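The values are calculated or read from the model by the stated rules, or taken from the named source; none is laboratory data. On a predicted model such as this, the values are computed, not experimentally measured, just so you know. Please note: Cβ atoms are built from the backbone with ideal geometry, for glycine as well, and neighbour counts cover all protein chains shown. We work out accessible area using only protein heavy atoms, side chains counted, and drop any ligands, DNA or RNA first. Shrake-Rupley method; radii C 1.70, N 1.55, O 1.52, S 1.80 Å.
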Amino acid sequence: MAQSLPPIRVLPSTGRAPAALDLRDVRDRPLRDLRISVTDRCNFRCVYCMPKEIFGRDFQFRERDELLTFEEIERLARIAVGLGVRKLRITGGEPLLRRGIEDLVARLAAIRTPSGEAVDLALTTNGSALPVKAAALAAAGLQRVTISLDSLIEERFQAINDVKFPVKRVLAAIDAAAEAGLGPVKINTVLKRGVNDDEILDLAEHFRGTGHILRFIEFMDVGATNGWLLDDVVPSAEVVRRISERYPLEPAAPTHPGETAKRWKYVDGAGEIGVISSVTGAFCGDCSRARVSAEGQLYTCLFASSGLDLRELLRGDAGDEELSGILAQHWGLRDDNYSEIRAALTPGSRKRIEMSYIGG
Ligand code: SF4
């Protein structure tokens, strides 16, 4: 089984707990965030992520036995935390569709870093099941949720999610999350020119002063099914300018290295917004994220073409030490920087994984 692995890139210990391995990739980026997709299924068909024409009735989703079990996910997360991961995010598809998700949350919430700290445990959801599940998820140890909401206009939102799911139920989900203590609740809005960019101010006004953090995401060319065009992208600088003209904003410091969103605070103290600028403000320089698909493929970039098959390793006879070595070697060889080179690439020249498959 074991192949001869080139030496792992590890910085000399800085006197921290001996197990605090400071793993770095080729660009000196640590592995800090692990995003774990637990299903490729979703009950929405958002047109920029899972268009019905492709993800229709006959689409072959992964069967249950193809998915990593909760034991396997827990083992993988434990090993990753041993290598430096401090933030675990559960994603999908729609993760709350996975039966017994509270059990997985409890398993991941129990993981401790080598020096005994809890890891940061978050989940990204469309909110559809949150009013029912928020309290149980919080009780199981979930700390925070991010909820997607691309419009406040009923008809438009139902057209974007393409399953006629109403806005008010997502707003109820946001309230349920806050009530359950899963805050500050982050709300993700993917902006597309001519579709919902006329709502930038309405969305900002709706969430100002609520304590929730609204983030505007530049429309990205993830996968190959969302018909991405550069002209459809609303640059984050424009978003900040349009809000600031009405409600002055000032830049705020990142909460941690490698944070995807740039934070902007309202000068009048009414809270903050975030902008995620993969197209006009690449942030590959300190990207510390790895992603695992529901069936156990490890990807070191959202725009990756291929992954490392961890399921085979998890179901084989590799011990934790060997698995840890393979993960460390894989990260050590990483040099991803798609957002930095996007403009130079010939359109269509690179196969990319689908957002719904890897969960963003
Ligand atoms: S494009 Fe890839 S390397 Fe760059 S920030 Fe996104 S996930 Fe990280």
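Out of the stretch 235-291, which residues are under 12 Å from Ala204 (Cβ atoms) and either within 10 Å of the ligand (Cβ to nearest atom) or of a type in the set (Phe, Trp, Tyr) (or both)?
Across the stretch 235-291, the qualifying residues are Tyr247, Trp264, Tyr266.
Determine, yes or no, whether Arg32 is open to solvent by 70 Å² or more (accessible area, probe 1.4 Å), closer than 27 Å to His330 by Cβ and within 20 Å of the chain's Cα centre (by Cα).
Yes; evaluated as a whole, the condition is true for this residue.
From the list Leu298, Leu313, which residue is open to solvent by less than 30 Å² (accessible area, probe 1.4 Å), without any contact (Cβ under 8 Å) to a residue 60 or more places away in the chain, in a strand (DSSP E or B) and more than 10 Å from the ligand (Cβ to nearest atom)?
Values: Leu313 fails: in a strand (DSSP E or B).
Exactly one of Leu298, Leu313 is open to solvent by less than 30 Å² (accessible area, probe 1.4 Å), without any contact (Cβ under 8 Å) to a residue 60 or more places away in the chain, in a strand (DSSP E or B) and more than 10 Å from the ligand (Cβ to nearest atom), namely Leu298.
Do we find a residue being in contact with a Cys (Cβ under 8 Å, 6 or more places away or on another chain) and touching a residue at least 40 places away in the same chain (Cβ under 8 Å) anywhere in the stretch 162-172?
Kept after step one, since they are in contact with a Cys (Cβ under 8 Å, 6 or more places away or on another chain), are these residues of the stretch 162-172: 162.
Still in the running and touching a residue at least 40 places away in the same chain (Cβ under 8 Å): 162.
Yes, some residue in the stretch 162-172 is in contact with a Cys (Cβ under 8 Å, 6 or more places away or on another chain) and touching a residue at least 40 places away in the same chain (Cβ under 8 Å).
So Asp150 fits all but one of (1) buried (at least 18 other Cβ atoms within 10 Å of the Cβ); (2) touching a residue at least 40 places away in the same chain (Cβ under 8 Å); (3) closer than 15 Å to Ala176 by Cα; what number is the exception?
Evaluating Asp150 over (1) buried (at least 18 other Cβ atoms within 10 Å of the Cβ); (2) touching a residue at least 40 places away in the same chain (Cβ under 8 Å); (3) closer than 15 Å to Ala176 by Cα leaves (3) as the failure.
Among what's in the stretch 75-86 and is surrounded by 18 or more Cβ atoms within 10 Å (Cβ to Cβ) and of a type in the set (D, E, K, R), pick the residue that is nearest to Ser288 (Cα to Cα). Write out each step before concluding.
Our first condition is that a residue be surrounded by 18 or more Cβ atoms within 10 Å (Cβ to Cβ); within the stretch 75-86, this holds for 76-86.
Restricting the remaining residues to those that are of a type in the set (D, E, K, R) gives 78, 86.
Numbers: Arg78: 17, Arg86: 10 Å.
The selected residue is Arg86.
Look through the stretch 257-295, keep the residues that are open to solvent by 40 Å² or more (accessible area, probe 1.4 Å) and in contact (Cβ under 8 Å) with a residue 60 or more places away in the chain, and return whichever of them is nearest to Tyr357 (Cα to Cα).
Ala282
Counting only residues that are in a loop (DSSP other than H, G, I, E, B) and closer than 13 Å to His212 by Cβ, which one in the stretch 172-202 is most open to solvent (accessible area, probe 1.4 Å)?
Pro184
What's the number of the only condition in (1) of a type outside the set (S, T, N, Q); (2) assigned to a strand (DSSP E or B); (3) more than 21 Å from the chain's Cα centre (by Cα) that Asp58 fails to meet?
Answer for Asp58: the failing condition is (2).
Which residues, taken from the stretch 322-348, are closer than 17 Å to Asp33 by Cβ and away from the ligand (no atom under 16 Å from the Cβ)?
Of everything in the stretch 322-348, those that are closer than 17 Å to Asp33 by Cβ and away from the ligand (no atom under 16 Å from the Cβ) turn out to be Leu327, Ala328.
Out of everything in the stretch 90-129 that is free of Cβ contacts under 8 Å to residues at least 40 places away in the same chain, part of a helix (DSSP H, G or I) and open to solvent by 50 Å² or more (accessible area, probe 1.4 Å), what residue ends up being nearest to Ala173 (Cα to Cα)?
Ranking the candidates gives Asp103 first.
Conditions tested, residue by residue: (1) closer than 23 Å to Arg289 by Cα; (2) under 16 Å from the mean Cα position of the chain (by Cα).
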| residue | (1), (2) |
| --- | --- |
| Arg107 | yes, no |
| Pro114 | yes, no |
| Glu117 | yes, no |
| Thr124 | yes, yes |
| Ala138 | no, no |
| Ile147 | yes, yes |
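Of all residues in the stretch 301-310, which are surrounded by 15 or more Cβ atoms within 10 Å (Cβ to Cβ) and within 16 Å of the ligand (Cβ to nearest atom)? If you could, list the steps in order and put the result at the bottom.
Going residue by residue through the stretch 301-310, those that are surrounded by 15 or more Cβ atoms within 10 Å (Cβ to Cβ) are 301-304, 307-308, 310.
Hits for the stretch 301-310 are Cys301, Leu302, Phe303, Ala304, Gly307, Leu308.
Considering Val38, Val132, which residue is surrounded by 16 or more Cβ atoms within 10 Å (Cβ to Cβ) and under 30 Å from Gly211 (Cα atoms)? Outline the logic, then answer.
On the way: Val132 fails: surrounded by 16 or more Cβ atoms within 10 Å (Cβ to Cβ).
After ruling out the rest, the residue left standing is Val38.
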